[in-house]
Each structure stands twice: as structure tokens, then as C-alpha cells.
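Read through the structure below, which is laid out as C-alpha cells, and then see the notes.
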Amino acid sequence: MKTSIIVFPGSNCDRDIKVALTASLGSAPDMVWHGATELPETDLIVIPGGFSYGDYLRAGALAAHSPVMREVVLRADAGVPVLGICNGFQILTEAGLLPGVLMRNAALKFICKDVFLKVQNANTVFTSGYSEGQIIRIPIAHHDGNYETDKETLKKLESNGQIVFQYCDEMGALTKEANYNGSLANIAGITNQNHTVLGMMPHPERQVDLFQGGTDGKALFDGLLNSLKI
Amino acid sequence: MTEITPEVIANHGLSEEEYLKILKIIGREPNITELGIFSVMWSEHCSYKSSKKWLRTLPTKAPWVICGPGENAGIVEIGDNQAIVFKMESHNHPSFIEPYQGAATGVGGIMRDVFTMGARPIANLNSLRFGRPDHPKTKHLISGVVAGIAGYGNCMGVPTVGGECEFHSSYDGNNLVNAMTVGLAPCNNIFYSAAAGIGNSVVYVGSKTGRDGIHGATMASTEFSEDNESKRPTVQVGDPFTEKLLLEACLELMNTDAIIAIQDMGAAGLTSSSFEMASKGGVGIEMNLDAVPQREEGMTAYEMMLSESQERMLMVLKPGSENEAKLIFEKWELDFAIIGILTDTNHMVLRHKGEIVADLPIDPLAEASPEYDRPWVETPQATVASIVNNTSPKEINKAIKTLIGCPDQSSKRWIWEQYDHMVMADTIGRPGGDAAIVRVHGTMKAIAVSTDCNPRYCFADPYEGGKQAVAESWRNITATGAKPLAITDNMNFGNPERPEIMGQFVGCIKGIGDACKALDYPVVSGNVSLYNETNGIGILPTPTIGGVGLIANINNCASIAFEKEGQDIIIIGETEGHMGQSLYLREIEGSEEGTPPPVDLAAERFNGNFVRKMIERGRITTCHDISGGGLIVALAEMAIASGIGCAIEIPKDTPTILGWLFGEDQARYVIASSEVKDIIAEASAQNIKAEKIGQTKGRQLTVGKEITISLDELVQLHQSWLPNFMSQT
Amino acid sequence: MKAKVHVTLKPGVLDPQGKAVQHALDSLGFSGVGEVRQGKYIEIDLSDTDTELARGHVENMCKKLLANTVIENYTIEITE
Amino acid sequence: MKAKVHVTLKPGVLDPQGKAVQHALDSLGFSGVGEVRQGKYIEIDLSDTDTELARGHVENMCKKLLANTVIENYTIEITE
Ligand SMILES: Nc1ncnc2c1ncn2[C@@H]1O[C@H](COP(=O)(O)OP(=O)(O)O)[C@@H](O)[C@H]1O
Ligand SMILES: [Mg+2]
């Protein structure tokens, strides 16, 4: 299986995701520089976290206009799975591959901490390593993760199973307190209509070995391998 | 050209004597550019003129030290051709004037110091001191400083894993922001700043030069006054995005063999970087300032030489490699300009617009900078503290709650949750413990890092306080199971021209030096920040110690959290019940009296080595050193960290109950284990005091029969002070 | 020429920053502060010499980059 | 009444955002783009009824909260 990680100026989780992918998939991904006008052959595209272009103007906005993103959009349209984590999620919304926007956290502060997520749809290539309703613990680390969209879009997201992860408390309740960044409907991760593009604010790549305090993130990458086995 | 009047000289912070020395060195009157260069090079900040004499007395060597003080950062070896590069630096004055940018550029500056040596930064720490919480400026300063540190470090993708944050009225007008960066480099690919190779190109890379922070270096060396606060110099704005590109570009270039020497432009920017490179290499430099990438129009030579624009580096490249280097910097969208060449003249010659605007001999300026043996007086011996012996269970119960929730002791989670402390995915001991633990990427090794200082101890007795800061650092590192390797020190003091302040400085240095020697814990880098004074009121002496240790195998390390119920709790070390300068005295009795606890360095060493062996052998996984607040606060923190309570008994023969619970005797640890008998036997065989005091159990902290506090309440008290404080208006 | 661009959130779109500023003003004791909305103000130096041409260019910049038209409106002013 | 506040970086102060936007516009193929500076634009609803009084209040808000006067300038416009 071949995977590609897109690296923008200011990406800073590219190495972490590379390590996580390599551990799960057994082979190292291709690192693709933002200026590339062509993508290698690939079964999965990952847009890592970080501060592409310093998050200047709007998080993800400047990266979304990089040359490589045209290619990413083409591949996504052709059905190649695209996973955007944190800044990657922001870039995917700015590039129009996912609906809505990620605004400044409600408390206006950067938040880095472990959070609980409820897996609401385990039926995607990304989430087959989980079971529906499972509660997992992985960290968030962002300044702009406050998901916002219009009512209509929200309805569609809900009815079409596009809301994949929601912030919850330890017991799985979707409380206001557990919704640290103020996201609409506790949204932590959504897919596109075909469930082939996933954007999520939490960082699964930071919970892939026990020394990091847990392995709930590893299940995502293991699941990807299973569902994409080629 | 500006005329050099006595007023101009004074405005540049140069004394009459120093000016005479300039005349002697160059044999004529300097022009304004030259005067500016002298003034920044001879400022306290760059020349260490008040402190040099004393800094030289610090021990700096050990078999594992690759590079001690004098370079951009210190370096220790950790085996497998790997080295740890680290340093701490203050950005006190800038953060008081503009907290966000001041703190942010402090973080940016220290990271450059580390990656300029070829190391990838793997951890940041920050030691913060603010004025009393109810001072009108305090909240504003905290929120700006923390956001600034977060803004810069998070964007760089370097985890901020630890630090300190305490409060005292002496910092009302001078907060402290000490930032530390720890990096990892291959031993065989370390870069230094000595220029070499007559005729080689001098290259400027990074951001363009603007009129930022001109005179920042001299500002950092003068006392504040009401008046000074309004005469704000231009503040530098940090651009962490550009620094991230600079980091990646430098590391990429360092993988080729193009670089002969490299130096970041920190305080006094182009001036100090070029003079340092030339002076260390024993060469001259001829620079063409027209080639310097400029952000603004009409910049003068004076402005370019004194600008403190951030995110810039100076390099000397191997002949013929310029193009390869240029391509790398262009790929990372950074400026790259050849601005000079190395000469054999030992002079710095600056050209601008077809004229020679400065011609100065390098060595006399860089090395023969002033050095003062400032008069100092010994700090008088503190009196012994008096204490009201309030030992009723009710009072003790209340005292424990007060201490665990007081500003200094309360959890700093509100701060570290604004820092990305997990990026790079190697943080295996997160903030909140004694030292943070960061895995050496791709290995089973890890480093433990911590910053420490107790300024009240240092004020009462600079010598013991200096010793204690080092001992506490060593203990915090040890408590994780790491072998302490070396420290960086950040000496924050008041006005050194006052003999009593100089006396504090001298006392602390002597204490630090003795402790470092006794513990094999040398100083490999550091920074001095003097004149932390407002209207004649100086800060408490604050020699912050940043320590680094090595964990050989992460399967064997310890955290402060209890592992499970039913384990025995053991205290290692002698408890005498020293209450002078304790947190208890300050918080409960409102007194900052007495002598600090004396530090028995031999006991520190024995007890620490014993504890570390136990952790290394996998015998214990729970360990916490005892410091501010004494034994009971340490136990409360262990319970809070784990969600597991404990019950302890005060030994019958205890001479002082308060002292036993709250005393701050040094060289002590709390450990928890299921093999209590063996451990105590082993300890006593080595003449180390080890005593069982209780057991982990339940969800309360219980002392004897009458004192019980629920864990929920402790957690609530510990966690709530800072967030509540910050959200109050 | 110079373009002055205002990028503001569309009415009805939640504005966390504006809300926080409003709250902060309130706590600072400023009374009578109603809704606060925070947007961006961007000044761009242009080499264009024709106002209408310049406006067209900046219009494009806004659509492509400066504003996220899902949630933001923009206005453009061209000055000498 | 409504206050319209512009907060901009003082001349000469580095504007990393503006720099990045300028660069991005350039890469998007917009030619002739010179310096870009990014500031804040804040709209505040006020219960004041007197323009001069309102201006005074907003002046205070700027000094205390809205602008960082060490590096930023501000302008205030009061409208109905
Ligand atoms: N400014 C800060 N940034 C990050 N972590 C902090 C900060 N202040 C305190 N901490 C963390 O809080 C914990 C307790 O700090 P402190 O009381 O100074 O520890 P100790 O007494 O063991 O030296 C440590 O893990 C420390 O790293
Ligand atoms: Mg400790």
C-alpha cells in the first residue's frame, strides 16, 4: 500500500504521522512537498497538523492554495481517501473538500490536552478499527478547532453519517464541558458525503505507543490498513 | 553625521571611563556607527562585564561534556553518537513592556541558539516569575507571556514540556521570563561560530532587517523607572513561521558540508554575531551593508548594525558551496545574501553606499571589553524564624488545603494546556511531574528536564539558596530515574552596582558552584540578567537552574503518580522539620522569615543515587522529591496525579508535628512500593534513612485519625486557583 | 494605488472573538456595550493605475484568498 | 450608535501575516502587489447617544483592550 503525506511550509506533525503510518502499514510514506504539481501513485493522502504558513490570514487558507492541493482535489474526486488531521482538517475545509469552517476556539486560547471522542460512524475506511459508539481518548492541540457550519449542512452531515467523531466525556455523554473548543454539535471529525475524505482536529498519531500514554490512535491507522488492503 | 557629545555617549550607556578606553583602542574619535557598535558590545547583556569574574568560578567540565559555556549553547553527550544541546535565556525586560511579543521572541531566540549548533530542538521549558497576584498588571502579564510562549513554540512544532510559575511582590515591576530549549544533535555534526578561511564568504540568511528593537541590548541592561516605561523602544515582533523555515533550512544545509561557521543574530544582531565569529576565529571581516536584505527604506549603517530583527543567521561558507546553500534557502523561501568576506586584517570594515562607515579592531572590542570587580557585601545572616505551633487537627487540615491551592503551589495546568506539549510524539512524561520526560526519537533513551529555583531561599541566604536550586534540580531529574548530566543557569538579579545585590550574586554563584562540584553536575551554558529593578526595588535573587538528565531505558523510569492501592509509602532522607522560609510560614503565617533549609550535598548525593538505582532496577515506579510545602504537599500531589489516596501516620517520636508535615528539609524523596522491607533494609545497609510512613489507599488523604481530606476536594483546590484567577476581573 | 479591504463575518455567523471582546469590555466596566464583531482590515499596495481595474483585481484576491466567502463578506475601497 | 475601530500595526513594525499574504497573492499569480499590511476591524454597538461621549469611551476601550499601543495604532469612527 502506498501513502503520501503532504508537507507545507510550517507543517510540523509530518514526522509524527510518518512514524505512525510506518508502524501500522509497514512501509514508509512518500513525503510530498507543497510545491509539487504531481502526486506519486498513492492509495491514501494525509495532510498533517502544524501551522502551515504560520496560520496567517486564516488557518489553512494559504496552504489550500498551494499547487499540490489542485492534485489532491483531483485525487479526492477520483475517490482516493484523504485524511486531514488538525491543520490538515482546516486545509481541507478551506480547499472545499469538506464543508464548514474551523474558527477560533471559543475561549480564544490554544488547547492541548487529552479528550474523549465518541466514534459515531465506524463504517468508513478511516474508522473500521473502531466500533460504533466506542469511546476513545486522544489529544487535541489547536487554536482554531471550533467547527461551524449552517443548519442545513449540519442536518446533512447528521443524516448522512458524516459526523464521525464527537467530543464527549469519559462516559460518552456529549456535554458542553467536554466540548473544549466550542464546536457546533461537539463535532471533532467529519467526512465528505462519500466518506472518502476525513478531517479531524484530534491527533491520533500521538497515541500509537504505550509510552505516549495510550494507543487509541493506533486503531485508526491499523483500521485504515485493513480497509485499504491492496 | 551625528556629533559625538557627552550626551550621545551617555545615551549609549557608556561611562566616561569606557569612552576613554574606546579612544585608546581606536586612536581617534569614533563615528556614530562605531559608537553604537561599542555600546552594544560593551553592554552588560553582551559583555557580562559585572558577572564575568564570578562566572569563571563555576565548574564546567565532566567526561560527558562536549562543550561548556562560551558557545551558543552547552552540549553533553548521551551515547550512540548523540548529544544534547541546551541553554536558558531571559527575556525579562521585553516581556514586561510587551508581554506577548517579548515572551515570543525570547522563545524564538533561545531556539535559534540551539539549532545554530546543529541540533533539532526537542523540548522547551519556561521559568516565569510574576508580581503578587493582586497587582493590577499581573494578570495582563501572565496572559500575554503565556500566549506569547505558546504562539511561538506551538508554531515551531517543539513541545513545551515544563517550567515554573511563581509570584512575589518583588517582581511587581520586573517579571521574569526565562526560556530554555533542549535540542538533539549528532556528535559528529556540531556547528560552532569561529570563522575561518581568509577570503570565504560571509552569508546572511533568514528574515530581512528592519528597525526592530534598536538598542534592545542596552535596554536590557538598564534599570526601569516610571519615566523609562514611557520611553518605549521599538519592540521586536516574532515570526515563528519564518523561524520554522529557518530551522528546516539550516538543518538541511547542515547535512551538506557547506558550513564552516554559523552564528544566530540575537541581541545586538549583526554587530555581535559578526564580531563574535571574527574574534573567535582570529580573522577580520569586510562587510558590504548595501547587500544586507532590508525591510525598510533608507536604513543607515547604524540601524543595520544595531537592529534586533528576529529570525536571522550569519554563516561562513566553504568556497564554492554558496550556490548549493542559496538553493536550499530559496526552497524555504528565505532571504540569502553574501554580505562580506573574511580578511586577515583583524578588523571589521563596514562599507555602505560607497563609503567606509566603520573600521574597528576586532579583538580589543570583543575580548578586551570591560570587566568589573564590583564591590559586594555578604548578605547578613538571617534570624531564625519564629513559628506559632498551631497543631490542632483542624488547623493542620486547613493549612494543607491552603498550601495545595496557593498561587505558588497550585497546578499550572492553565498554562501548560496552552502549550503544545505533545508535538513530536515523544513526550512520555508530561508537565505536572518533577521533571518532564522526552524520548530520544527512535530509541529507548529519554531525557528528563526541569527548571528550578527558590528565590526566597536565595534572598535569605544566597549561598544556601544557590546550592539548593542546583540540588532541587538534581533531585527533580533523579526522581524520574534519570542520571543528572548538566545544567544551564539563568542568573536574574537587581542592580549589580549596589554592593548588597552584588553580594547576592556572588553568594548564589558560590552556592551553585559548590553544589555542581559535589553532584558532578556542571554548568554548560547560562545567561545573566541584571538591573531587574524598578525605582530602586530589586527582585529577589533568582538564579534559575535548568537541568538535563538521561534515562537509559524508558522501561525503567518513575512518575509522581501512585501506581495502585495497597502499596507502602516510604520517605527517604532525614526529616528534621526545618520551617525557616517554608511555604507554610509564608502562606499560613504570612512571614518570610528565617534561614532556608541547609543543603547537605553528601546526603543529596547518597540519597539520590539510592533512589535512582531503585528506579533503574525497576524496583520502584513512583517517586517524588520533597520541596516547597514539605512532605504533606508532596503526598497530596502524588494523590492528585494518580486519583489514588493515601493514609499516613506521624511517627510517635516526632519532635515537631508541623515540621514533620510541612518542613522543607532537603535531600528527601517519597517513594511507593510493595517491597518495603527490602528497600528499607537496603537503604539502612548504606546508612540512608528510609522509613515507612503509610499506605496508598482509598480516595482521601489521611493523616492519623483526625485529619482527612477527600481527593476530590484536593483536586479542586489544586486545579482551580489559576483558572479562577485568570477569569476574574 | 492602495486597496483597503474589510473582511467581516456574515450576519448570523458566530464570532467567538467578537464575543470574547464584548465580554472583556464588560468586565472592564464599560457599560452599554452591545454586540461586538471583529473582522480583518487589509491594506494592499498596488501597481495598478486604473481604479476600476484595480478593484477587479482585488475583487479576485478576495474571492480566491482574502475572504472565506462561506462565512465572510468583504468590501473594497481603492485610494490613490 | 456604532463604533468602527481600525487597529493597525505601527509603521516599521514587522507584520508577519501581511508578509505571508503578500507572498501568497504573488504565488497565486496576482502581479503588481506591493506591501500588504493586516490589521483588525472591530464594530461595537453602543448605547451612547452622544458622539463625543461615545468617542471618549471607545478611545478608552482601545487603550485598555482593543489595541496594543506599544506596537499598534488605532482610529475610531462613530456612526449612527
Ligand atoms: N510555566 C510553566 N510551563 C510549563 N509547565 C509548568 C509551568 N509552571 C509549572 N509547570 C509544571 O508544573 C509542575 C510543578 O511545578 P513546580 O511546582 O515548579 O515543580 P517542582 O516543585 O517539582 O520543581 C512541573 O511539572 C512543571 O513543569
Ligand atoms: Mg519537584
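What number, in percent, do you get for the relative contact order of region B:1-118 if the mean sequence gap of Cα pairs under 8 Å and at least 6 apart is divided by its residue count? Across region B:1-118, relative contact order equals 14 percent.
Using Cβ point charges alone (K and R +1, D and E -1), the dipole size of region B:514-661 about the Cα centre works out to roughly 560 debye.
Of the trypsin sites (Lys or Arg not before Pro) found in region B:599-654, those that fall in a DSSP loop while having at most 11 other beta-carbon atoms within 10 Å are B:ARG617, B:LYS652. Within the same chain, aspartates and glutamates fewer than 8 places from B:LYS52 are excluded, and of the rest, those with a Cα less than 16 Å from its Cα are B:GLU44, B:GLU71, B:GLU367, B:GLU371, B:ASP373, B:ASP489, B:GLU497. From the residues B:ALA479, B:PRO370, B:LEU360, which one has its Cα farthest along the dipole of chain B in the positive direction, the dipole being from +1 and -1 charges on Cβ of Lys/Arg and Asp/Glu about the Cα centre? The one lying farthest along the dipole's positive direction is B:ALA479.
The gain in end-to-end length when the B:ILE537 to B:GLU713 segment is fully stretched comes to 59.5 nm, 0.36 nm per residue minus the alpha carbon separation. Building the convex hull from the alpha-carbon atoms of chain B and averaging its projection over directions returns 29.6 nm². Taking a ≥ b ≥ c as the square roots of the eigenvalues of the alpha-carbon gyration tensor, chain A is classed rounded because a/c is under 1.5. Put simply, when B:329-339, A:35-45 are sorted by average Cβ atoms within 10 angstrom per residue, most first, you get B:329-339, A:35-45. B:GLU3 sits among other residues whose Cβ lies under 14 Å from its own Cβ, and their net charge, with Lys and Arg +1 and Asp and Glu -1, is -3. Taken about its Cα centre, the protein assembly as shown carries a charge dipole of about 2160 debye when Lys and Arg each add +1 at the Cβ and Asp and Glu each add -1 at the Cβ. Overall shape of the protein assembly as shown was characterised from the C-alpha gyration tensor. The equivalent ellipsoid obtained from it has semi-axes of 43, 40, 30 Å, in decreasing order.
Legend: ranking of residues A:VAL125, B:VAL384 from fewest to most surrounding C-beta atoms inside 10 Å; resulting order B:VAL384, A:VAL125. Taking a ≥ b ≥ c as the square roots of the eigenvalues of the Cα gyration tensor, region B:156-218 is oblate, since a/c reaches 1.5 or more and a/b is not larger than b/c. Under the simplified labelling scheme, the B:THR345-C:ASP50 pair shows an inter-label distance of 5.5 nm, with each label point 7 Å from Cα along Cα→Cβ. Chain D residue nearest the axis that carries D onto C, by Cβ, with distance in whole Å, is D:TYR41, 2. Around the amide H of C:LEU46, modelled in the peptide plane, lie the amide H atoms of C:LYS2, C:ALA3, D:GLY34, all under 5 Å away and 5 or more residues distant in sequence or on another chain.
Among A:ILE111, A:ILE47, A:ILE163, the largest mean-square fluctuation in a Gaussian network model of chain A, built with springs joining Cα atoms closer than 10 Å, belongs to A:ILE111.
Taking the label point 7 Å along Cα→Cβ, C:LEU53 and its counterparts in the other copies are spaced 5.1 nm apart, in ascending order.
For an R0 of 25 angstrom, estimate the FRET efficiency from the Cβ-Cβ distance between B:GLU691 and B:ASN555 and round to the nearest 0.05.
The formula returns an efficiency of 0.30 here.
Of the GluC sites (Glu not before Pro) found in region B:656-729, those that fall in a DSSP loop while having at most 11 other beta-carbon atoms within 10 Å are B:GLU706. Sum up the charges of everything whose Cβ sits under 15 Å from the Cβ of B:ALA147, counting Lys and Arg as +1 and Asp and Glu as -1, but leave B:ALA147 out. Net local charge, B:ALA147 excluded: -1.
Across the residues of A:101-111, average count of Cβ atoms on other protein chains within 10 Å? Spell out each step's value before the answer.
Working: counts 5, 0, 8, 5, 2, 5, 4, 7, 9, 11, 3.
Across the residues of A:101-111, the mean count of other-chain Cβ atoms within 10 Å is 5.
Please identify which residues in region A:188-206 have an amide N closer than 16 Å to a label point set 7 Å out from the Cα of A:LYS229, following the Cα→Cβ vector. What the label zone holds, given the 16 Å backbone N cut-off, is no residue at all. Working note: Cα atoms of region C:10-80, range along each principal axis, descending, whole Å: 48, 27, 14.
Here the residues B:GLU29, B:GLU604, D:GLU43, ranked from fewest to most Cβ neighbours within 10 Å of their Cβ, fall in the order B:GLU29, D:GLU43, B:GLU604.
Taking a sphere under 12 Å around the Cβ of B:GLY199 and counting the other residues whose Cβ falls inside, with K and R at +1 and D and E at -1, yields a net charge of -1. For chain B, the Cβ-based charge dipole about the Cα centre amounts to some 1640 debye (Lys, Arg positive; Asp, Glu negative; other atoms uncharged). Remark: region D:29-36, residue by residue, has Karplus-estimated 3J(HN,Hα) of x, 7, 9, x, 8, x, 5, 10 Hz, where x stands for each Gly or Pro and the curve is 6.51 cos²θ - 1.76 cosθ + 1.60 at θ = phi - 60°.
Under the criterion of Cα pairs below 8 Å and six or more residues apart, the relative contact order for chain B equals 15 percent. Ordering B:CYS67, A:CYS112, B:CYS453 from the fewest to the most neighbouring beta carbons within 10 Å gives B:CYS67, A:CYS112, B:CYS453. Per-residue mean of foreign Cβ neighbours for D:40-52 is 5 (Cβ atoms of other chains, 10 Å radius). Could you tell me which of the pairs B:LYS244/B:LYS353; A:LYS2/A:LYS218; B:LYS280/B:LYS467; B:LYS24/B:LYS49; B:LYS331/D:LYS19; B:LYS137/C:LYS40 are separated by over 26 angstrom between their Cα atoms in the structure shown? Distance filter (> 26 Å) returns B:LYS244/B:LYS353; B:LYS280/B:LYS467; B:LYS137/C:LYS40. Per-residue packing, averaged as other Cβ atoms within 10 Å, sorts the ranges D:24-34, A:75-85 into the order A:75-85, D:24-34, beginning with the highest. Averaged over peptide A:41-53, the number of partner chain Cβ atoms lying within 10 Å of each residue's Cβ comes to 2. Spatial offset of region B:273-295 relative to region B:573-596 amounts to 53 Å, using the alpha carbon center of each.
Ellipticity at 222 nm from helices only: DSSP H runs of n ≥ 4 in chain B, each -39500 (n - 2.57), divided by the residue count, give -10500 deg cm²/dmol. Between the Cα long axis of helix B:269-281 and the first principal axis of chain B there is an angle of about 90°, rounded to the nearest 10. Between helix B:393-404 and chain B there is an angle of about 20 degrees, using the helix long axis and the longest principal axis of the Cα atoms. With point charges of +1 on the Cβ of Lys and Arg and -1 on the Cβ of Asp and Glu, referenced to the Cα centre of region A:1-81, which listed residue (A:ILE45, A:ALA63, A:LEU21) lies farthest in the positive direction of the dipole? Checked the options; the winner is A:ALA63. Between region B:412-478 and region C:3-22, how far is it from one alpha carbon centroid to the other, in angstrom? Computed from Cα coordinates, the inter-centre distance equals 41 Å. Reported value for region A:29-111: 95 Å³ per residue, from the convex hull of its C-alpha atoms.
Residue-wise HN-Hα couplings along region A:105-114, as the Karplus relation 6.51 cos²θ - 1.76 cosθ + 1.60 with θ = phi - 60° gives them from phi, are 3, 4, 8, 6, 10, 5, 10, 10, 5, 6 Hz; Gly and Pro carry x. Helices in chain C, meaning DSSP H runs of at least 4 residues, each add -39500 (n - 2.57). Divided by all residues, the mean residue ellipticity at 222 nm is -9000 deg cm²/dmol. For region B:28-157, a Kirkwood hydrodynamic radius built from all Cα pairs, placed in the Stokes-Einstein relation at 10 °C and 1.306 mPa s, yields a translational diffusion coefficient of 92 µm²/s.
Just to verify a number: FRET efficiency for B:GLU296 and A:MET1, C-beta to C-beta distance, R0 = 51 Å, to 0.05? Calculated transfer efficiency: 0.45.
Dipole of chain D computed with +1 at Lys/Arg Cβ and -1 at Asp/Glu Cβ about the Cα centre; of D:LEU65, D:THR51, D:GLY12, farthest Cα towards the positive end is D:GLY12.
For C:GLU72, the amide hydrogen comes within under 5 Å of the amide hydrogens of C:LYS10, counting only partners 5 or more places away or on other chains and with H modelled in the peptide plane. Does anyone have the angle between helix C:51-61 and the longest principal axis of chain C? Alpha-carbon axes, 0 to 90°, nearest 10? Between the helix axis and the principal axis of chain C, the angle is about 60 degrees.
Readers should treat all values here as calculations from the given coordinates under stated rules, not as data from a laboratory. This one's a predicted model, so the numbers in the text were calculated from it and none came from an experiment. Cβ coordinates were reconstructed from backbone atoms using ideal geometry, including for glycine residues, and neighbour counts include every protein chain displayed.
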